[in-house]
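Student: Structure incoming, see below.
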Amino acid sequence: MADTTYYIDEDVGQDIEAQTGDEKLPYKTLGFAVLTHGEQPKFLARKSLTGEVPEGSDSSARLEWKPVAKAAMKKAVNFAKAQKKKADKEQEQLAVRSKEEADRKKVLEESKKIIIEEDASLPEAKKIKLDDTDAEKIKLGDGKDVKGTRVRVFGRVHRERRQKDLMFITLRDGYGQMQVIFSGPLAKTYDALTLTRETSMEIAGTLMKVPEGAHAPNSRELHADYFKIHAGWKAAGGEEAITNRVSKGTEQATLLDLRHLTLRGETASKVMIVRDAVEFAFNTVYKELRMRKVSPPALVQTQVEGGSTLFKLDYYTEEAYLTQSSQLYLETCLPSMGDVYCIEKSFRAEKSLTRRHLAEYSHVEAELDFITFDDLLSHLEHVMCRVLEVTLADPTIKQHILDLNPGFKMPERPFMRMKYSDAIDWLIKNEIINEETKEPHKFGDDIAEAAERKMTDIINKPIFLTHFPAEIKSFYMMRDKEDPRVTESVDCLMPGVGEIVGGSMRIFDYDELMAGYARENIDPTAYYWYTDQRKYGSSPHGGYGLGLERFLAWLCEQHTVRDCCLYPRYFGRCKP
Ligand code: 4AD
């Protein structure tokens with residue numbers, strides 16, 4: 001409508017559809033007016049009333065409607081054209097998307113008609129685990145002379161991707177991963193088209209070498225001829241897909257609430273698999289040393305490492321605790337079983353949220369009879385290094401460790417030995433102060449976690465820190481004959497983690513033990529069975545406890561011990 005006039009008021013106008021553009025309801029910009037009505041009509045505009053009035057000019061003139069300038073009109077026309085182009089493109093894309101959606105629906109409908117049957121004329125498929133590489137049993141086809149073995153595998157979809165008419169699936173079964181290829185009708189089935197991660201599958205096919213230059217686990221791929229997703233095996237998709245619930249960016253607390261899903265991730269599962277290997281290695285090494293495994297109780301009525309970290313509970317009509325350490329029970333086994341060890345849970349009601357404290361942890365403890373303090377240190381060094389050797393002897397486990405901790409190196413032997421008094425001097429010299437007193441460290445201080453870690457990180461190798469003052473250690477520790485202020489005690493410190501082992505020679509003299517109870521204000525009554533060891537054939541003996549999660553945090557370079565156990569328990573967390 002060429003004879004219609006539209007009005008533009010930069011100050012009070014509005015660029016909305018409800019606006020008519022007449023004098024009472026003007027637009028805000030010429031661009032919008034042109035976009036709405038084209039460039040034919042007449043446009044009148046007035047400048048902002050709120051703009052500054054130049055000195056000496058007539059402010060009332062600013063209220064007049066004036067025809068728009070040519071340049072402004074050109075700009076507005078260009079703007080309108082660009083906007084129109086954008087809107088057209090969006091419309092086009094929407095149409096493409098709708099068509100794609102309709103096509104997809106059609107393809108999905110069609111896909112439901114494709115039914116896969118296993119071809120009974122094919123050779124029988126051997127059931128294997130995904131890491132099975134037994135060359136006797138399994139041949140990899142090369143597409144020419146060698147025929148691949150037909151196998152049947154079971155696992156969960158770790159990753160999946162489509163490439164034209166092919167579908168690549170990385171299947172995972174806890175033992176390994178396998179690349180699987182669906183082609184032809186298999187890739188066109190409804191289940192294949194809607195496949196979600198974590199779905200459990202049964203797949204049969206022929207194992208082939210991967211083409212030159214391509215990479216896949218064990219350099220092979222399964223060319224599937226049959227697959228089945230049994231009822232109930234499909235994993236949730238969409239909003240509920242595992243990738244929407246746990247991912248790299250997910251908050252730590254959520255990851256811990258969803259630990260059952262986090263455990264399926266590559267890092268968590270590798271740590272757990274290494275943990276199994278390490279625990280097994282401890283058993284192996286202790287057996288090599290002819291040590292016997294025992295299983296002391298978790299429900300106890302005595303403390304070992306101070307009353308402040310005891311979990312108390314009602315035990316029928318009595319008070320009992322969750323054990324802090326099995327040490328005292330191990331000591332009672334020496335006379336009848338020889339050297340003993342256990343791998344049991346220990347509990348500490350620590351109200352701390354540090355990265356190395358758990359409320360429930362796995363404690364590797366050993367007790368050795370008729371030894372000297374030096375024997376204890378040599379044994380400990382041997383066990384730790386041999387456990388590493390046995391663990392790393394398994395190539396899969398070694399690879400997991402290197403994936404988690406690429407810089408891992410076997411510790412050099414002998415471990416550095418440092419007396420507590422020398423550590424105090426070292427801390428003073430390196431100006432690492434006592435955070436509690438805000439003063440330089442002095443003999444008798446309990447070296448706090450932060451200072452201990454700083455020292456270990458600077459020295460950057462395993463340290464046997466020995467001869468702690470009796471007053472900062474437990475009641476049962478044997479004093480050093482040369483310097484009775486200190487005990488024959490040892491903490492093993494590792495870079496990145498700090499203390500991972502605590503051990504000592506045990507008091508074997510009755511009176512000294514009584515003095516130990518008294519020093520720590522412990523009523524000896526409940527300890528009658530422990531004291532009796534000093535009445536019925538006492539012996540020089542000693543032992544230690546190693547925190548399995550701390551050992552793993554060091555070995556697998558994990559920031560916290562929480563990531564080194566299945567379902568961590570610590571101050572404020574007892575789920576899932
Ligand atoms: O130094 P601790 O308290 O020593 C004992 O319990 C001795 N009775 C052991 C023995 O001689 N049989 O603990 C030993 C080790 C520590 O070095 C540490 O690795 C681990 O147990 N540990 C913890 N790990 C995780 N969370 C906690 N709250 C821990 N407390 C100790």
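Student: Kindly write out, for the range 443-455 in residue order, the coupling ³J(HN,Hα) from the Karplus curve 6.51 cos²θ - 1.76 cosθ + 1.60 (θ = phi - 60°), rounded to whole Hz, with x marking Gly and Pro.
Tutor: 3, x, 5, 7, 5, 6, 3, 5, 5, 4, 5, 4, 4
Student: Quick one: which residues, 5 or more positions from LYS293 or on another chain, have an amide H under 5 Å from its amide H? H modelled 1.01 Å from N in the peptide plane, none for Pro or chain starts.
Tutor: Answer set, sorted by chain and number: TYR341.
Student: Taking the Cα atoms of the chain alone, what are Rg (to one decimal) and Dmax (as a whole number) in Å?
Tutor: Here Rg and the maximum Cα pair distance are 37.1, 119 Å.
Student: What does the extension gain come out to for GLU240 and THR5, with contour length at 0.36 nm per residue minus their alpha carbon separation?
Tutor: Answer, rounded to one decimal: 79.0 nm.
Student: Okay, next question. Under a crude label model (7 Å from the Cα following the beta-carbon direction), how far is GLU449 from LYS42 in nanometres?
Tutor: 8.2
Student: Another one. Going by amide H atoms built from the backbone, whose H comes under 5 Å of the H on ASP225, apart from near neighbours?
Tutor: Here the answer is ALA204, GLY205, THR206, since their amide H atoms fall under 5 Å of that of ASP225.
Student: Full extension from GLU118 to GLU288: what is 0.36 nm times the residue separation minus their Cα-Cα distance, to one decimal in nm?
Tutor: Extending this stretch completely gives an extra 56.2 nm.
Student: Roughly how much of PHE280 is accessible, in Å² to the nearest 10, using a 1.4 Å probe?
Tutor: So the heavy atoms of PHE280 present about 140 Å² to solvent.
Student: Considering the dipole of the chain built from charges on the beta carbon (Lys and Arg +1, Asp and Glu -1) around the Cα centre, which of TYR420, MET337, LEU261 is farthest to its positive end?
Tutor: Positive-most Cα among the choices belongs to LEU261.
Student: Return the percentage of antiparallel bridges among DSSP beta bridges fully within the chain, rounded to the nearest 5 %.
Tutor: Antiparallel bridges make up about 80 percent of those DSSP assigns within the chain.
Student: Also: Go through 517-523, 527-533 and give me the packing order, highest mean Cβ count within 10 Å leading.
Tutor: Result, highest mean Cβ count within 10 Å first: 527-533, 517-523.
Student: Placing +1 at every Lys and Arg Cβ and -1 at every Asp and Glu Cβ, with all other atoms neutral, what dipole size does the chain have around its Cα centre, in debye to the nearest 20?
Tutor: Result for the chain is approximately 2600 debye, rounded to the nearest 20.
Student: Give me the percent of the accessible area of the chain that comes from carbon and sulfur atoms, probe 1.4 Å, all protein chains in place.
Tutor: Summing carbon and sulfur atoms, their accessible area is 52 percent of the total for the chain.
Student: In what sequence, highest mean first, do 37-46, 199-208 appear when ranked by Cβ atoms within 10 angstrom?
Tutor: Those peptides, ordered most packed to least, come out 199-208, 37-46.
Student: Expressed as an acute angle from 0 to 90° and rounded to the nearest 10, what is the orientation of the C-alpha long axis of helix 266-288 relative to the principal long axis of the chain?
Tutor: Taking the Cα atoms of the chain, the angle to 266-288 is about 10 degrees.
Student: Is any residue of the range 155-173 close enough, with backbone N under 16 Å, to a label point placed 7 angstrom from the Cα of LYS127 along the Cα-Cβ axis, and if so, which?
Tutor: Backbone N within reach: 155-156, 173.
Student: List the residues whose amide H sits under 5 Å from the amide H of ALA359, counting only those 5 or more places along or on another chain, with H placed 1.01 Å from N in the peptide plane.
Tutor: Under 5 Å from the amide H of ALA359 lie the amide H atoms of ARG569, TYR570, PHE571, each far enough along the sequence or on another chain.
Student: Let me ask something else. In debye to the nearest 20, how big a dipole does the range 266-564 give about its Cα centre with +1 on each Lys and Arg Cβ and -1 on each Asp and Glu Cβ?
Tutor: 520
Student: Which angle from 0 to 90°, rounded to the nearest 10, does the C-alpha axis of helix 327-337 make with the longest principal axis of the chain?
Tutor: Roughly 50 degrees, rounded to the nearest 10.
Student: How much length is gained if the chain between ASP15 and LYS81 is pulled fully straight, taking 0.36 nm per residue apart and subtracting their Cα-Cα distance, in nm to one decimal?
Tutor: 22.1 nm
Student: Under a crude label model (7 Å from the Cα following the beta-carbon direction), how far is PHE571 from LYS345 in nanometres?
Tutor: Modelled inter-label distance: 2.1 nm.
Student: Another one. At 7 Å along Cα-to-Cβ for each site, give me the label-to-label distance between SER421 and GLU266 in nm.
Tutor: Using points 7 Å along Cα→Cβ, the separation is 5.2 nm.
Student: In addition: Using a Cα-Cα cut-off of under 27 Å, which lysines could be cross-linked to LYS85, ignoring same-chain neighbours fewer than 8 residues away?
Tutor: LYS28, LYS42, LYS70, LYS74, LYS75, LYS99
Student: May I ask you to order 549-556, 536-543, 105-112 by the average number of other C-beta atoms within 10 Å around their residues, highest value first?
Tutor: Descending packing order for the listed peptides: 549-556, 536-543, 105-112.
Student: Compute the long axis of helix 395-404 from its Cα atoms, compare it with the longest principal axis of the Cα atoms of the chain, and write down the angle in degrees, 0 to 90, nearest 10.
Tutor: Value to nearest ten degrees: 60.
Student: Take SER336, SER352, SER346 and sort them by solvent-accessible surface of the protein heavy atoms, 1.4 Å probe, largest at the top.
Tutor: So the residues, ranked largest to smallest area, are SER336, SER352, SER346.
Student: Add +1 for every Lys or Arg and -1 for every Asp or Glu among the other residues with Cβ under 10 Å from the Cβ of VAL210, and state the total.
Tutor: Once positives and negatives cancel, what remains is 0.
Student: Compute the accessible area per residue over the chain, keeping the other protein chains in place, probe 1.4 Å, unit Å².
Tutor: 55
Student: Moving on. In whole angstrom, how far apart do the alpha carbon centroids of the range 345-375 and the range 76-114 sit?
Tutor: One Cα centre to the other: 64 Å.
Student: Can you give the accessible area of CYS574 in Å² (nearest 10), computed on protein heavy atoms with a 1.4 Å probe?
Tutor: Ignoring ligands and nucleic acids, CYS574 comes out at about 110 Å².
Student: Structure shown: which of LYS89/LYS248; LYS24/LYS47; LYS398/LYS419; LYS312/LYS454 lie over 25 Å apart, alpha-carbon to alpha-carbon?
Tutor: Cα-Cα > 25 Å for LYS89/LYS248; LYS398/LYS419; LYS312/LYS454; rest within.
The values are calculated or read from the model by the stated rules, or taken from the named source; none is laboratory data. Note that the structure is predicted; figures quoted are calculated from it, not measured. Here the Cβ is made from the backbone with ideal geometry for all residues, glycine too, and neighbour counts use every protein chain on show. The accessibility values were calculated without ligands, DNA or RNA, using every heavy atom of the protein model including side chains. Shrake-Rupley method; radii C 1.70, N 1.55, O 1.52, S 1.80 Å.
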